[in-house]
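The values are calculated or read from the model by the stated rules, or taken from the named source; none is laboratory data. Bear in mind that the values here come from a model prediction, so they are computed numbers and not experimental data. Note that we place each Cβ from the backbone using ideal geometry, even for glycine, and neighbour counts take in every protein chain shown. Quick note on the areas: whole protein, heavy atoms, side chains included, nothing else; ligands and nucleic acids left out. Shrake-Rupley method; radii C 1.70, N 1.55, O 1.52, S 1.80 Å.
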Amino acid sequence: MNLKMIFSYKGSNYYGYAKQPNKITIQGIIEENLNKIFQEKITIFASGRTDKWVHAINQVANFHINKDIETNSLTYKLNKLLPNDIYIKNIEVVDEEFNSRLSAKSKTYLYLINSKYSPFFEDLSLNYEFNNLELVEKGMKLFSGKHNFKNFTGKKLDALNFIREIFFFNLEKKDDFYLFKINGNGFMTYMVRKIIATLIELDKGNISIEFIKDSLNKENRDIVTYTASPKGLYLYDVLY
């Protein structure tokens, strides 16, 4: 039986999603408690990894079990065992062909920036006040569409193909908060955080619009050094 699980988590107390030796991770905690329920080793496969301190509103994973089970009951049992900063929203039976990563059509990330410092949001957002939103939105438009994002990822060559397509990139101001939502067919390590940090540097006047244009089209790999804090990043949704 192939089960699809949708869950959310606050990443502040974890070394990212993926299991690591001697580290507390989201995957490790969920699998540990699934093992208790089924009394066998269960491995979950997520739509993608999130880094240390990154959060998720709708992460998706799938896993296989060898017995029939009532999914509402499983959801309840698992939530009773999990810590309060991880929450299972739904578990359902899906086709055996479903793969949470390979079946995904696009992902949406949210980046939250607080213009006024608040101790309540210190580990949930980046604190920054924008000066020129018109310029920032002009910079955002450059990232939309299909581009080579090789300079907006980590130092390691973590992809054979750096071409990604951004379907939409929106900014909404709500009270003291700036909400950036970016949707695309795939995101590489640090990609969203580097894009957001680049827009902040643009707003500060440290770089120009031309810098973004050049970084997206450079033939040689010349990684953008700006990377925004992981605390403001959320995996918002995965579309299938």
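List every residue pair whose Cβ atoms lie under 7 Å apart, where the two residues are 6 or more positions apart in sequence or sit on different chains, the first residue falls within segment 199-214 and is under 18 Å from residue 111 (Cα atoms), and the second residue, located anywhere, is open to solvent by 70 Å² or more (accessible area, probe 1.4 Å). Qualifying pairs under 7 Å: 203/131.
Within segment 146-164, the set of residues being surrounded by 13 or more Cβ atoms within 10 Å (Cβ to Cβ) and outside any loop (DSSP other than H, G, I, E, B) comprises 147, 148, 150, 151, 152, 164.
Going through 216, 239, 235 one at a time, which residue ends up being of a type in the set (A, V, I, L, M, F, W, C), touching a Ser or Thr at 6+ places or on another chain (Cβ under 7 Å) and open to solvent by less than 60 Å² (accessible area, probe 1.4 Å)?
Details: 216 fails: touching a Ser or Thr at 6+ places or on another chain (Cβ under 7 Å); 239 fails: open to solvent by less than 60 Å² (accessible area, probe 1.4 Å).
Being of a type in the set (A, V, I, L, M, F, W, C), touching a Ser or Thr at 6+ places or on another chain (Cβ under 7 Å) and open to solvent by less than 60 Å² (accessible area, probe 1.4 Å) holds for just one of 216, 239, 235, which is 235.
Screening 199, 112 for residues that are open to solvent by 10 Å² or more (accessible area, probe 1.4 Å), under 30 Å from residue 240 (Cβ atoms) and either β-branched (Val, Ile, Thr) or under 19 Å from the mean Cα position of the chain (by Cα) (or both) leaves exactly one candidate, 112. Among the residues of segment 1-25, the ones that are within 18 Å of the chain's Cα centre (by Cα), aliphatic (A, V, I, L, M) and within 13 Å of residue 78 (Cβ to Cβ) come to 2 in all.
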